[in-house]
């Protein structure tokens, strides 16, 4: 059956910003935040929207953003609610819906979602292991779709590569434990092999800081328990910097769910990956073996090729359009 033509993508997204102390106080609070903290840095869900829009612009695909008047007058057209969940719940939607990828961390947060909103046709999540975690609750409506990486912004960086590695620390839980059991032994091993390194920690840098350190690093050691997509490591790959990644597997570790509410596995720290990206290790016990293999094969890695082929903003926008069009064929 031929794909249904989509005249325009109707995109919807906003950050939750409820009144806190009195009616309409969100407006002065928003102004005060801007004065005190400066311009808002895009979070993960906002990056989904921004990168999708970049891809649509590059492909020349028309779209609107938060045009509620239009979508109300056209109940047969598909509404694409990228996130967050309040966008879905605060209005009565009669349109066929695509919801995601900025949705819940786990379906137990809303197990009756499809009963409340039977007009949801597709649920998008950032990656494949998360898709498998959602499927028992939401069935075949769940699709893994990653947001794109801006390969124009994240390009190979010129500079004196004086450091063998940049250690990228995104260990989110039990950091002190993993500092002792993983990070410090890795540093000791690098010292023993006279491999130079510098360090950066998630949440404590700007994009300019990361690019500066990447420009002087030959490779990256990426440390994170798991990623639903992993924008940061994919941005690093787009600079053609290969990664030696800690991919521990095992259970999803989010303490808001694990181990009392949810035990799900296996998960991955690098859910989008092939042999061009670098090398993986599961813990300190196999770090040395994989470090040696990584160093031996470093010249053969082509991580940017992988990102351009699979994760560019254009590629991911094209895949998003295909998902929207598929609703007309089912």
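The values are calculated or read from the model by the stated rules, or taken from the named source; none is laboratory data. Being a predicted model, the structure only gives us computed values, none of them experimental. Using ideal geometry, Cβ is built from the backbone for each residue, glycine included, and neighbour counts are taken over all protein chains shown.
Would you mind listing the helices (runs of 4 or more DSSP H) fully within the range 151-267 where at least 2 residues are in contact (Cβ under 8 Å) with a residue 24 or more places away in the chain?
184-192, 207-214, 231-238
All but one of (1) loosely packed, with under 15 Cβ neighbours inside 10 Å; (2) under 24 Å from residue 130 (Cα atoms) hold for residue 264; state the number of the condition that does not hold.
Of (1) loosely packed, with under 15 Cβ neighbours inside 10 Å; (2) under 24 Å from residue 130 (Cα atoms), only one is false for residue 264: (1).
Just one of (1) modelled with pLDDT under 95; (2) outside any loop (DSSP other than H, G, I, E, B) trips up residue 133, so point out which.
Failed condition: (1).
Restricting the search to the range 268-296, which residues are crowded, with 16+ Cβ neighbours inside 10 Å and in a loop (DSSP other than H, G, I, E, B)?
268, 269, 270, 271, 272, 273, 276, 277
Check the range 189-209 and report whether any residue there is buried (at least 20 other Cβ atoms within 10 Å of the Cβ) and touching a strand residue (DSSP E or B) at 6+ places or on another chain (Cβ under 9 Å).
Checked the range 189-209: no residue is buried (at least 20 other Cβ atoms within 10 Å of the Cβ) and touching a strand residue (DSSP E or B) at 6+ places or on another chain (Cβ under 9 Å).
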